[in-house]
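So the structure is just underneath, and the comments pick up after that.
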Amino acid sequence: MSAFNIAVYLSGTGSNFRAINESIKNGRLKSKINLVISSNNEAGGLEYAHSEGIETAVLQRNDFADSRSFAEAQLKLLAEYQVDLIVLAGYMKKLALPVVRAYKDRIVNIHPALLPDFGGKGMYGMFVHQAVISSGVRKSGATVHFVDEIYDNGKVILQQSVEIEAGDTAEALQKKVLQVEHKIFSEAIALLEKAE
Ligand code: GRF
């Protein structure tokens, strides 16, 4: 049993970040969130982090001369905040390769479908739910998995499915899946804590 120093990476609303933080506050997780890294300064997750007294950094590729200095800035911050688990919670960018390599088996992501189906390049956000609905399958869900060098390819830690009912739109499916995401992301981190 162990606890992690987490860095949450996000780009948007941050509802998964909020769910994880709530699990920490109510004692279901032992880990703590040392830092939030956002890919843009308008992410709603930043405001929530501030209200919770969690430190934040906005790191945008365009602010750096090249991809190497962008990755180095991240690695420096992660070391400074003693991060030993990276949690991608709606991070809409591809994580820099040097970070993926430095944190091998220490990066988890949540994907809003049942991987290996409906994953890979271009499968993010509403695109996923639209593809699921168009395909006519009767089930979708959420997957928490390790991150490696290939999109949505790492080992699955936890999955939970939801039923798709006749008439469900992509938006309706997104809402159902998000509820499951909020539950299983914390559960997956708890499993990792136990495995340590
Ligand atoms: C979630 O659907 C997650 O699966 C995907 O991005 C979305 C983030 O939502 N990777 P939020 O910012 O946590 O509300």
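The values are calculated or read from the model by the stated rules, or taken from the named source; none is laboratory data. Just so we're clear, the structure is a prediction, and the values are computed from it rather than from any experiment. Every residue, glycine as well, gets a Cβ built from its backbone with ideal geometry; the counts of neighbours run over all protein chains shown. When the accessible area is computed, the model is the full protein with side chains, heavy atoms only, and any ligands, DNA or RNA have been set aside. Shrake-Rupley method; radii C 1.70, N 1.55, O 1.52, S 1.80 Å.
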**Complete:** The condition of being part of a loop (DSSP other than H, G, I, E, B), at positive phi, within 16 Å of the ligand (Cβ to nearest atom) and buried (at least 17 other Cβ atoms within 10 Å of the Cβ) holds, among Gly141, Gly90, Gly120, only for Gly90
**Fill in**
Scanning segment 96-117 for residues that are within 15 Å of the ligand (Cβ to nearest atom) and within 21 Å of Leu192 (Cβ to Cβ) gives Ile107, Val108, Asn109, Ile110, His111, Pro112, Leu114, Leu115
**Message:** Of everything in segment 26-54, what is within 15 Å of the ligand (Cβ to nearest atom) and either under 18 Å from Val147 (Cβ atoms) or in contact (Cβ under 8 Å) with a residue 60 or more places away in the chain (or both)? Give them in sequence order.
**Reply:** Ile33, Val36, Ile37, Ser38, Ser39
**Item:** Count of segment 128-138 residues which are hydrophobic (A, V, I, L, M, F, W, C) and within 11 Å of the ligand (Cβ to nearest atom)
**Value:** 1
**Message:** As an exercise: evaluate Ile150 against (1) loosely packed, with under 15 Cβ neighbours inside 10 Å; (2) assigned to a loop (DSSP other than H, G, I, E, B); (3) at pLDDT 95 or above and give the number of the one condition it does not meet.
**Reply:** (3)
**Item:** Positions within segment 6-25 being more than 10 Å from the ligand (Cβ to nearest atom), open to solvent by 30 Å² or more (accessible area, probe 1.4 Å) and of a type outside the set (D, E, K, R), in sequence order
**Value:** Ile24
**Prompt:** For segment 175-189, does any single residue satisfy the condition of being modelled with pLDDT of 95 or more, away from the ligand (no atom under 13 Å from the Cβ), surrounded by fewer than 18 Cβ atoms within 10 Å (Cβ to Cβ) and part of a helix (DSSP H, G or I)?
**Reply:** yes
